[in-house]
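Notes for the one structure printed next.
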Amino acid sequence: MTIDTTHLNQQMTHFDDHQEIWLFGYGSLIWKADFPYLERRPAHIRGWVRRFWQGSHDHRGTPEAPGRVATLVREPGAVCHGMAYRITPETLGPLDVREKNGYLRVVTELHFDDGPDDADSRDGTASASAEGLVYLATEDNAAFLGDAPHDAIAQQIAKAHGESGPNRDYLLNLATALERLGHHDEHVISLASHLSGEAS
Ligand code: SIN
């Protein structure tokens, strides 16, 4: 299976005249921030839920035995918590390579968990929300796997390994990071509890 969204992402011009960009992370970008950033703030986006519905043929699996990693799925009224990073445009190049297995940069409104209420925000620095970017793997990308029973997803995650390590670590690191941020994500908690019953 061949998929590489790097070039598609590098055609994006939306933030071309910006010196700094807010990036919202909801998966490995929460707990593996191995890229330079100017600042990070816990944040959320509205109308999306986190789901382990994206196949990983590189970082957490192989083309023969793909792993499963997080993407976002639309759900009106939902809130997805994560971490926002203020980055410079040069950081997007390596991130596009990291997220190349089906993720596209999408413009999103992000809301800072520690920001003042919308009514109170007066200037850009202290504002409660900002326009930013999120890497999103939609259902029409070739690596998309979609929904499955949680025991089957956990079984797949328990077995998969890729160039960044065991798929199990991705799920458990995300579960720990969300817990530390004080967020309860039922989908992630359920998968992690199914995983604990699986041999690696
Ligand atoms: C993200 O974390 O925001 C995107 C998906 C991933 O890299 O795990």
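General observations
- Gaussian network model of the chain, Cα within-10 Å springs - most flexible of 185, 147, 96: 147
- Legend: calculated FRET efficiency, residue 35 to residue 152, from the Cβ-Cβ distance at R0 = 41 Å, rounded to 0.05, equals 0.80.
- Length gained on full extension, residue 198 to residue 11, computed as 0.36 nm times the residue gap minus the Cα-Cα distance: 63.2 nm.
- Mean Cβ neighbour count within 10 Å, used as a protection proxy, ranking 103-114, 8-19 highest first: 103-114, 8-19
- Fluctuation leader among 27, 146, 82 - the chain, Gaussian network, Cα springs under 10 angstrom: 146
- Between the Cα long axis of helix 150-159 and the first principal axis of the chain there is an angle of about 80°, rounded to the nearest 10.
- Lys, Arg +1 and Asp, Glu -1 on Cβ, resulting dipole of the stretch 6-199 about Cα centre, debye, nearest 20: 480 debye
- Residue among 49, 157, 82 farthest towards the positive dipole end of the chain, charges placed on Cβ: 157
- For the stretch 6-199, the Kirkwood hydrodynamic radius comes to 17.1 Å, computed from all pairs of different C-alpha atoms.
- Subtracting the Cα-Cα distance of residue 86 and residue 179 from 0.36 nm times their residue separation leaves 31.2 nm of extension gain.
- Principal-axis tilt of helix 167-181 within the chain, Cα atoms, nearest 10 degrees: 40 degrees
- Residue-normalised accessible area of the chain, expressed per residue, 1.4 Å probe, Å²: 49 Å²
- Label-point separation in nm, residue 106 to residue 163, each point 7 Å along Cα→Cβ: 2.6 nm
- Only protein atoms count toward the accessible area here, which uses a 1.4 Å probe; on the stretch 6-199, the carbon and sulfur part of that area reaches 50 percent.
The values are calculated or read from the model by the stated rules, or taken from the named source; none is laboratory data. Computed from a predicted structure; not experimentally measured. Ideal geometry is used to build each Cβ from the backbone, glycine not excepted, and the neighbour counts take in all protein chains shown. Side chains are part of the model used for accessible areas, which takes the heavy atoms of the whole protein and leaves out ligands, DNA and RNA. Shrake-Rupley method; radii C 1.70, N 1.55, O 1.52, S 1.80 Å.
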